Each structure stands twice: as structure tokens, then as C-alpha cells.
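Trainee: Sharing a structure below in C-alpha cells format, with a few things to ask.
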Amino acid sequence: MRPARLELAALLALQLGLGSPYLHTVPRFYMDEAWEASLGHSLAYEAALRHGIIEGWGGMHVHFVQNQVVLPFLCAAAYKLFGFGIVESRMTSLLVSLLAVAGIHGVMRRWFDRRAALWITLATIVNPWFFEISRRVRPEIYYLALSFAALAAWLGATESRSRAKAAAAGVLAGLSALSHPTGVVLMAALVVTAWRRPFPKRLAAWTLAAFVAMILPYVAYVLWATRDPNVSFLAQMRAGHGVLRSDPSAVVRGEFHRWGHFFQWPYGAPLAATFATAWLIACWRGGRDRAIALGIAFFAACMPLTTVNTTSRYLIAIMPLFIALSVRMLLEPRDASGAARSRFPARFRHAAAGIYVLACAGAIGLMFQRLHDADVRRLFDRVAAVTGPRATVFGSMMFWMGGERYRYGPYPLDEHWNVPADAVRRHRFDYAVRSAWSFDTSAGIAAPPARMPDFRPENAIDEVCHQYGRRIAEFRDPHYGPIEIYKLDWGGQMQP
């Protein structure tokens, strides 16, 4: 076996070995994962692409038409083969992460050399963000993997003049675009990094044709699904508000928040400084490094124009590019004879590499240490012990993952992320589950609140419990915080 293939095999084994332990608990499960899993569940067991959690929001409960269909199909296949659950859902993401590792290694090997590709891929595998998205039921690992695999196929096609590889690049790029809207942005950014002259127009034609062929079935599906008057493509794509906001200061604040959380400011200041320095050096150096820096800048500029929220997760897509520039900055360049030509003092390079390794190992180690017992299924069992399997339950969308322990929801939600009170009353749920955390985020490794807060008027679940509920049970989970269960009486207002 060739050395490059041996290195790739070792990297894949490392990724699988690092990603498998405590897969059901690390990182902490939260609402988004149940949200994504429900699409695959509907496909597997109802043969319909629809949301089983919510009711409303552009008719997602009838037909889901956002360009986020790759995860549901792969999860549905896993559920049909292995059954439905958290481990099965997350294992699908972990397997997709192997494609990401192979794609990143293939791209870097063609851009630079075997030595650089090895270190860049290894530094990506041990990065805490990559570790987390490889274990989440979320689309980030899907469009990252498919985009870099598409670029690797394209670079291979330009080397060998292979039309088959060019077509494969188009197929993978199409799948990336169908993984999430950010997949489209990432593919465009990677095109910026890979652009060169002379441009191989014939190969590009094969890639474009394959890309269009992958997209057309989705377009046909959307046209068919939106014939239903209850289904609106625009409403589903808005995700609560429009992409472009009228207040420029709000956009700037949102981007500061996005980047600050991505670097875990202020604790991530050394990493932020390393990435920023590597980016500036790449701009000065020119060549492939400058192209990568321009791709990063393009992606960052598109974020406020193409996303409907300021989550930092979307920036994970360009993390391998930042790591590539950082490794390039720290690796000793070599001349034609193979002799090293020092750019930075050895102490600086070793210190920077050591800080990165310690930061990554510390973050991943803390996740394992604090969350290895964070089994959300224990939470579902405690709720089911009170409600029984036939009762209808209203609560955070995360509780849908409880499966057949009880009958969850649906959770009424309009396109502005409001919860219509009339829609909640219409379902006349038997029980409501109130939590201190909303579970809209996983809260990282933070400890949950020690006690339940007062009723929050802006929280629909709190309002239902306050107006129609009688508290019949309460407990505190060490990883998910205080939980209260209310018996609901829709005949009149009841106080807890």
C-alpha cells in the first residue's frame, strides 16, 4: 500500500476511534438533534419527508421543502437497517465524518504535499469543533464532508483529465448544496480557493451537468410539494425572519457574536491570534495560500447575507482552511535539496503547536469528563413514569426523541417562531413538561441551573403550565437541570 494511503487509513481509524466512545452522551443532546432526526424518522417509517415534531411553519408537517435533505435520507437508511435511536442517528454523522477526513486529506495533498496534508488533517480531527459536529445529528458535518470531497474529486479530475472524476465532483457538490444553504456558500468559497488558469472548460461542463442533474429532482419535489396550499417554500426558508436585516448595527453585532463564540472568547484568544496571523501571512505570501485566505474572506462576507441566525456553527465549514494556513505557517519550508529553511524560530513553532494540542485535548477531555453520563434517555424515562405511554405531552421539542414512551406534541409553530395559543389549546394536551433550560442549545459543558426559575411569560410552555396546569412531579437531572411535570386541565384556569 502506498504511504499516502497508509496515512489516510490511520487518520480514518483515529477519527472513528475518537468519535465512537460515549456517542450517546457526548456532546449533550439538545433540541436541534431531535428536530433533524424527526425528518429521517418520517422518511423511514412513513415514506414522507415531513416534520413529525412541529405543526405549522410553512407546512413543514405536511411537506418539508428546505434544501436540507441529505441528512434525512441517510438517517432514514440507518433507521431501516439498525432501528431508531440517538446512537443510530449520531453514528450516521460519524460515518459521514470519515468522508470529511478523506476529502480534507485529498485536497491538502494535492495543494501542498503529503507532509502538510497529514498534519492539516490530523489537526482537524483533534479540533473540538470537528469532534463535536462529527457526533451531532446536525447538517454541518454533511456539507463540510461533501464540499471537500467534491473539491478533492475536482482537483483529481484536473490532474488526470478524467471526465468521470469531474462528474463525481458535480454530484458531490450537488449533494452539498442539498445538505444545507451553507453548503452552497462553502462550495462557492472552495471554488474561489481552487480557481486557476487555464480553466478546464470541458471538465467544468461535466461537473456542471452532474451538479444540475443532482439538483433537478429536488426542484421537481419542491414544485410538487408546494402545490399543497398549506406548504410555502418561502415561509420555510425564512426561519423566523428574513436573511437581510434593515439595521446594519444589528448585523455587525450578530457577526461579532458569531465569531466570538466560534473562538470561545476570551479563552480562545491564542487560537484566534494564530488563525489571524496565519491568514495575514497567507495574504502576503500569495499563491495557493492567498487563494485560501480569499476563500475564507468570501465565506465570512457571505455569512450575514445568506444566514438567518448568528450561530457560530456555520463557521466550522472553513475551519480546515484556517488550520491549513496555520500549519503552513508553522511547518518548516524546505528547499529543492530537502534542507529546512527556518521561517520562525523553532521555539515559536513548537510553542504554537503545543498550545493548539493542549487546547484541543483539554476541550475534548473536559467534554468526556463532564458529559460521559449525560444520558438524555434517563430524562425521557422519568417523564414517561409519570405520564404513561398513552398520554399526550407538550414540552421542549427535544422530548420528541422520547419515542414511544409517551405521545409527544405536536409543537405548534408559525413561520415567525411564534407559538399560537389557539393551536396549543386545540390539541388539549394531557401533560406539559417545564424545564429550567429551553434546550435550544446544548450549553456546552456548562452545569445546568440548580433551581427552576419563575414562570417566564415569553415561554409558551411556561404559560401553558401557569394557566392550565397543576404540578404533579418534579426532579432534577444532573446534566439537564430541574424538570417539572404538570397535569393540564383545559376546562378552566388552574394555578400550580
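The values are calculated or read from the model by the stated rules, or taken from the named source; none is laboratory data. A quick note: this is a predicted structure, and the numbers were derived from the prediction, not measured. Neighbour counts are summed over all protein chains in view; Cβ atoms, including those assigned to glycine, are modelled from backbone coordinates with ideal geometry.
Trainee: Taking Asp422 as meeting all but one of (1) touching a strand residue (DSSP E or B) at 6+ places or on another chain (Cβ under 9 Å); (2) of a type outside the set (A, V, I, L, M); (3) crowded, with 17+ Cβ neighbours inside 10 Å, write down the number of the exception.
Mentor: All conditions are met except number (3).
Trainee: Go through (1) modelled with pLDDT of 90 or more; (2) farther than 25 Å from Arg50 by Cα and name the single condition Tyr221 misses.
Mentor: Result: Tyr221 fails condition (2) only.
Trainee: List the residue pairs whose Cβ atoms are under 7 Å apart, where the first residue sits in the range 439-456 and is in contact (Cβ under 8 Å) with a residue 24 or more places away in the chain, the second is among the aliphatic types (A, V, I, L, M) and part of a loop (DSSP other than H, G, I, E, B), and the two are 6 or more positions apart or on different chains.
Mentor: Every condition considered, the pairs that remain are Pro448/Ala436; Pro449/Ala436; Met452/Ala436.
Per-residue answers, yes or no, for (1) of a type in the set (Phe, Trp, Tyr); (2) surrounded by fewer than 22 Cβ atoms within 10 Å (Cβ to Cβ); (3) closer than 25 Å to Ala13 by Cα:
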position	(1), (2), (3)
Arg115	no, yes, yes
Glu140	no, no, yes
Ala149	no, no, yes
Ala157	no, no, no
Arg161	no, yes, no
Val171	no, yes, no
Val185	no, no, no
Ala188	no, yes, no
Phe199	yes, yes, no
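Trainee: Mind checking whether some residue in the range 225-240 is among the aromatic types (Phe, Trp, Tyr) and either closer than 30 Å to Gly287 by Cβ or not assigned by TED's automatic domain parsing to the domain that holds Gly287 (or both)?
Mentor: Taking every residue of the range 225-240 in turn, none turns out to be among the aromatic types (Phe, Trp, Tyr) and either closer than 30 Å to Gly287 by Cβ or not assigned by TED's automatic domain parsing to the domain that holds Gly287 (or both).
Trainee: From the set of residues in the range 453-478 that are farther than 19 Å from Ala385 by Cα and part of a loop (DSSP other than H, G, I, E, B), which is nearest to the chain's Cα centre (by Cα)?
Mentor: Top of the filtered list is Asn459.
Trainee: Restricting to the range 418-444, name every residue that is closer than 22 Å to Arg313 by Cβ and either modelled with pLDDT of 95 or more or touching a Phe, Trp or Tyr at 6+ places or on another chain (Cβ under 8 Å) (or both).
Mentor: Trp437, Phe439, Asp440, Thr441, Ser442, Ala443
Trainee: Whether any residue in the range 26-38 is farther than 11 Å from Val137 by Cα, among the basic types (Lys, Arg), touching a residue at least 40 places away in the same chain (Cβ under 8 Å) and in contact with a Leu (Cβ under 7 Å, 6 or more places away or on another chain) is what I want to check.
Mentor: Within the range 26-38 (the criterion being farther than 11 Å from Val137 by Cα, among the basic types (Lys, Arg), touching a residue at least 40 places away in the same chain (Cβ under 8 Å) and in contact with a Leu (Cβ under 7 Å, 6 or more places away or on another chain)), the answer is yes, since at least one residue qualifies.
Trainee: Let me ask something else. So Leu358 ticks every box in (1) outside the structural domain of Met329 (by TED's automatic domain parsing); (2) surrounded by fewer than 19 Cβ atoms within 10 Å (Cβ to Cβ); (3) not hydroxyl-bearing (Ser, Thr, Tyr) but one. Which box is left unticked?
Mentor: (1)
Trainee: Another one. Tally time: how many residues in the range 379-407 are on the phi < 0 side of the Ramachandran plot and in a helix (DSSP H, G or I)?
Mentor: 17
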